[in-house]
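See below for the structure under consideration.
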Amino acid sequence: MTKNRRVTIKVNNDLDMYFRKLASSKLLFTKGWYSKAIEEAMKLWIENEEKY
């Protein structure tokens with residue numbers, strides 16, 4: 001089991017609100033939903049970047 005890291009970031013408010021809206025509708029506000037959504041987005045970004 002890997003350790004989790006707390007990260008503080010700054011993002012555009014409109015982008016964050018739209019992301020939260022989509023993520024919450026998919027993950028239904030389950031425990032840790034925002035962290036799970038961010039991890040999924042990061043993994044997808046990495047996969048996309050590794051294709052090139």
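The values are calculated or read from the model by the stated rules, or taken from the named source; none is laboratory data. All values reported here derive from a predicted model rather than from experimental measurement. Note: ideal-geometry Cβ built from the backbone for every residue, glycine included; neighbour counts use all protein chains shown. Just so you know, the surface numbers come from the protein's heavy atoms only, side chains and all, with ligands and any DNA or RNA stripped out. Shrake-Rupley method; radii C 1.70, N 1.55, O 1.52, S 1.80 Å.
Restricting to DSSP H runs of at least four residues, report the calculated mean residue ellipticity at 222 nm for the chain, -39500 (n - 2.57) per run over all residues, nearest 500 deg cm²/dmol.
Helix contribution divided over all residues of the chain: -21000 deg cm²/dmol.
Along the Cα-to-C-beta direction of GLU39, a point sits 7 Å from the Cα; which residues of segment 5-23 have their amide N less than 13 Å from that point?
Residues passing the 13 Å test: 5-6.
Run the count for the chain, please: Lys pairs, Cα-Cα under 21 angstrom, 8 or more apart or on different chains.
Value for the chain: 13.
Calculate, for the chain, the solvent-accessible area per residue in square angstrom, rolling a 1.4 angstrom probe over the heavy atoms of the protein chains.
Each residue of the chain exposes 106 Å² on average to a 1.4 Å probe.
Express the carbon and sulfur contribution to the solvent-accessible surface of the chain as a percent, rounded to the nearest whole number, probe 1.4 angstrom.
Using a 1.4 Å probe with all protein chains present, the chain comes out at 58 percent carbon and sulfur.
Throw me the Rg/Rh for the chain, computed over C-alpha atoms with Kirkwood Rh, two decimals. Mind showing how you got there, number by number?
Values: Rg = 12.4 Å, Rh = 12.5 Å.
Here the Rg-to-Rh quotient is 1.00.
Of all trypsin sites (Lys or Arg not before Pro) in the chain, which ones are in loop regions per DSSP and have a Cβ with at most 10 other Cβ atoms within 10 Å?
LYS3, ARG5, ARG6, LYS10, LYS31, LYS51
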